[in-house]
Amino acid sequence: MATEVPYFTNAENGYVPAKLAHRSAASSQPLRLLRFVVNHVIPDTVKFLLQLIPLALSGLVGLVLPSKKKSIHGHTALVTGGANGLGRALCLRLAREGCQVAVVDIDLAGAQRTVEDVRALGVKAEAFLADIANYEAVERMRLEVESKLGPVDVLVNNAGLLAVLSLSEGKPADLERIVNVNLLSHFWTIRTFIDGMKQRQRGYILAVSSILGCLPMPRTVSYVATKFAIRGMMQALQRELTMDGFGEKIVATTLFPTFIATRKELMDLLSELSLDEKLAILTPENVADSAIEGMLRGQVDVYAAPFFIRLFMYLSGILPYALTSLLIQTIMGKVPTLMDRTKKNSSTE
Ligand SMILES: NC(=O)c1ccc[n+]([C@@H]2O[C@H](COP(=O)([O-])OP(=O)(O)OC[C@H]3O[C@@H](n4cnc5c(N)ncnc54)[C@H](O)[C@@H]3O)[C@@H](O)[C@H]2O)c1
């Protein structure tokens, strides 16, 4: 049976506009408007306001009383970009939670150094050389990781290129590489590991975005684009997991850190711009602590940032979250999976 193509294209046949659905000419314009208001606008507004109450309450309670922390003792965690910076700190933090750690990087020597430090904490660890921007390399790496450390329960998508590059700078290949490493690698690792998590009914996916995934800073247009994309991808994934009944079992968390003291080049640039005094620069260890604590408490978004930025992000998030939830529930909540559609088509053949 031919596999259904899951996207629409006009490459072969040209673009054929769809006809608008036939609307009954019998009902007059004002009557239609009144019916629309009574049937849709009023119930949806009431639903929206009702939805806002528990959301605001649970958010406020969550700010004061964090939810119960889950244990990942004995789980296998995989961290991309674990050779340096935040990735290294995340490996060590996961080891302290009792995880065995797969350190994945293109810098094998650095990954091995992290492995030694992780092992010193009394847990198993292995280094894996893989360019996560390449899907086949990720698939090969999964087989290696599973044979040495077992199936992955905690996937940390951390590797990323810190690019201060606008769209007319660098070469097109540089821009392509930024998108491949910072965004497409998340597709490949999630695609590779999520089925196992679904089968075992447990898992954590932590994606490292950036505060620039919420606040679009100039001079870093390409980087900002990938970090915004990660935010959207993770929100859609989290809703899909909830819709498919995995909401309580597989946690999808996105991390939004402000600046972290990882690369010397970055610190030099910030001090050149006299930004190092204005910005509260975080340590990789602090950010790793916030990320893993938040993930284990089931948080969807973790802001590793000073208090006022966290409060601002939280308040600016409530309304759009409730609005999009309502829109998705009323309009898009019933989109079937490709598998469901294929089943339906084959049963009508
Ligand atoms: N440093 C900051 O100020 C800051 C702020 C917010 C978010 N972040 C994000 O945190 C993450 C880590 O940043 P960092 O500062 O620790 O970076 P870093 O450059 O210190 O470390 C990144 C690691 O990823 C590895 N890597 C790069 N490309 C890879 C690939 N294709 N396959 C496998 N490994 C690869 C590198 O070898 C390196 O070890 C990134 O996603 C970054 O965007 C950083």
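Cross-link pairs exceeding 26 Å between alpha carbons, from the set Lys227/Lys264; Lys47/Lys68; Lys47/Lys343; Lys47/Lys344; Lys124/Lys198: Lys47/Lys68; Lys47/Lys343; Lys47/Lys344.
Please state the charge dipole magnitude for the chain, taken about the Cα centre, from unit charges on C-beta atoms (+1 on K and R, -1 on D and E), reported in debye and rounded to the nearest 20. Mind dumping the intermediate values first?
Numbers: 37 positive and 33 negative charges, 266 e Å.
With only Lys, Arg, Asp and Glu charged at Cβ, the dipole is about 1280 debye.
Computing FRET efficiency as 1/(1 + (r/R0)^6) for Leu269 and Asp195, where r is the C-beta to C-beta distance and R0 is 45 Å, gives about 0.65.
Its relative contact order, with pairs defined as Cα atoms under 8 Å and 6+ residues apart, puts the chain at 16 percent. Along the axis of the charge dipole computed for the chain (Cβ charges of +1 for Lys and Arg, -1 for Asp and Glu, origin at the Cα centre), the listed residues Val115, Leu326, Ile230 are led at the positive end by Leu326. Under a 5 Å amide H cut-off, with hydrogens placed 1.01 Å from N, Gly203 pairs with Val251 among residues at least 5 apart or on other chains. In this structure the amide hydrogen of Arg297, modeled in the peptide plane, comes within under 5 Å of the amide hydrogens of Lys70, none closer than 5 places in sequence on its chain. Here's the picture: charge each Lys and Arg Cβ at +1 and each Asp and Glu Cβ at -1 in the range 76-320, and of Ala159, Val302, Leu143 the one pushed furthest to the positive end of that dipole is Val302.
How far is helix 338-348 tilted, in degrees, relative to the longest principal axis of the Cα atoms in the chain, given as a value from 0 to 90 rounded to the nearest 10? Relative to the chain, helix 338-348 is tipped by roughly 40 degrees.
We did not get these values from a lab; they are worked out from the coordinates using the rules stated. This one's a predicted model, so the numbers in the text were calculated from it and none came from an experiment. In this analysis, Cβ positions are derived from the backbone assuming ideal geometry, glycine residues included, and neighbour counts consider all displayed protein chains.
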